[in-house]
Amino acid sequence: MDFEKGEVLFVAKPLEWTSFNLVSKVRWKLQKTLKIKKLKVGHAGTLDPLATGVMIICTGKSTKLIETFQYQTKEYIATLKLGATTPSFDLELPVDGTFPTEHISKELVEEIIPQFLGEIWQVPPAYSAVKVDGKRAYDYARDGQEVELKPKLLVIDEIEILDFSVEVLKIRVVCSKGTYIRALARDIGLALGSGAHLIGLERTRIGDVRLENCWQIDNLIQHIEDTIVL
């Protein structure tokens, strides 16, 4: 493998790592092993720290492929906690509201879910990297400031109900670039006449790249050590 010329790596992001952490780890290992001071390394499609799954990391001239990967369809497995909300729409922040769930049945979920198929407008989360006047939305949110985030048009190709039990809904989502699954959880909760937030998220596919095709980070680091011969 020629990492300086350019390679594309499929990696499974661990829980609680940021996307930046993962890229930095790979870059550091490559630079150290290759004995070079600089190497261009980037990723296609950010995952939140509390999400796991497929990350595509490109090195060298292959970083030119990043935009192509970013526009490919993505698949997620999302687990929603019904009846409660958080400011971040996931487990990063504590619950800030509770709502009734007694009226929610599987039949109601099956009736509501199709509303989110096709082209939809979605307002990004306040705790997101969306830029407002040159500043990240999450910086405003952490400072206690409210900002108006404009809805974005996106496409959801598939939503499949995988499991439904008391206050927990598990779904498979196939969607376009720019979809916030946290915001989808918020909107599903509202549509059900309750509230919801993410308690689990795994990206299982980007384009044709599936999770089973991905390196675990420890195995990738070992592979780099084993294959680079100077």
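Its DSSP H runs of at least 4 residues, each contributing -39,500 (n - 2.57), put the calculated 222 nm mean residue ellipticity of the chain at -7000 deg cm²/dmol, to the nearest 500. Here the extension length gained between GLU16 and GLU167 equals 51.9 nm, from 0.36 nm per residue of separation less the Cα-Cα distance. Potential lengthening of the chain between LYS177 and LYS61 amounts to 39.5 nm, from the contour at 0.36 nm per residue minus the alpha-carbon distance. In terms of surrounding Cβ atoms within a 10 Å radius of their Cβ, GLU75, GLU167 rank from fewest to most as GLU167, GLU75. Counting other Cβ atoms within 10 Å as a rough exposure proxy, the listed residues ASP2, ASP90 run ASP2, ASP90 from fewest neighbours to most. Rounded, prolate or oblate: which one fits segment 93-169, using the alpha carbon gyration tensor with axes a ≥ b ≥ c (rounded when a/c is under 1.5, else prolate when a/b beats b/c, else oblate)? Oblate, because a/c is 1.5 or more while a/b does not exceed b/c. Counting beta carbons within 10 Å around each of SER105, SER194 and listing the fewest first gives the order SER105, SER194. Extension gain, ARG210-ASP96: 0.36 nm per intervening residue step, less the Cα-Cα distance, totals 37.5 nm. Of the residues ILE224, ALA191, GLN70, the one whose Cα sits farthest toward the positive end of the charge dipole of the chain, with +1 on the Cβ of Lys and Arg and -1 on the Cβ of Asp and Glu, is ILE224.
Each Cα pair under 8 Å and six or more residues apart adds its separation to the average, and for the chain the resulting relative contact order is 29 percent. From the coordinates of this entry, Rg/Rh (Cα atoms, Kirkwood Rh) is computed, and it appears in (1) 1.04; (2) 0.97; (3) 1.01 under the label (3). Taking segment 47-180 as the region of interest, the number of lysine pairs whose Cα atoms are within less than 20 Å, with members eight or more places apart or on different chains, is 15. Each label point was placed 7 Å from the Cα along the Cα-to-Cβ direction; for LEU39 and LEU108 their separation is 5.3 nm.
Between the beta carbons of VAL132 and VAL8, assuming R0 = 35 Å, the FRET efficiency works out to 0.60 to the nearest 0.05.
Is the shape of segment 1-94 rounded, prolate or oblate, going by the alpha carbon gyration tensor and its root eigenvalues a ≥ b ≥ c, with a/c under 1.5 for rounded and a/b larger than b/c for prolate? It is prolate, given that a/c is not under 1.5 and a/b is the larger ratio. Of all complete DSSP H helices in the chain, those with a Cα span along the helix axis of 18 Å or greater and a mean Kyte-Doolittle hydropathy of -0.5 or more are 19-34. Each listed q (0.14, 0.16 Å⁻¹) maps to a log10 I(q)/I(0) for segment 74-206, found by the Debye formula over equal Cα scatterers with no solvent: -0.61, -0.80.
We did not get these values from a lab; they are worked out from the coordinates using the rules stated. What you are looking at is a predicted structure, and each value in this text was computed from that prediction instead of being measured. Cβ sites come from the backbone with ideal geometry, for glycine too, and all protein chains shown count toward neighbours.
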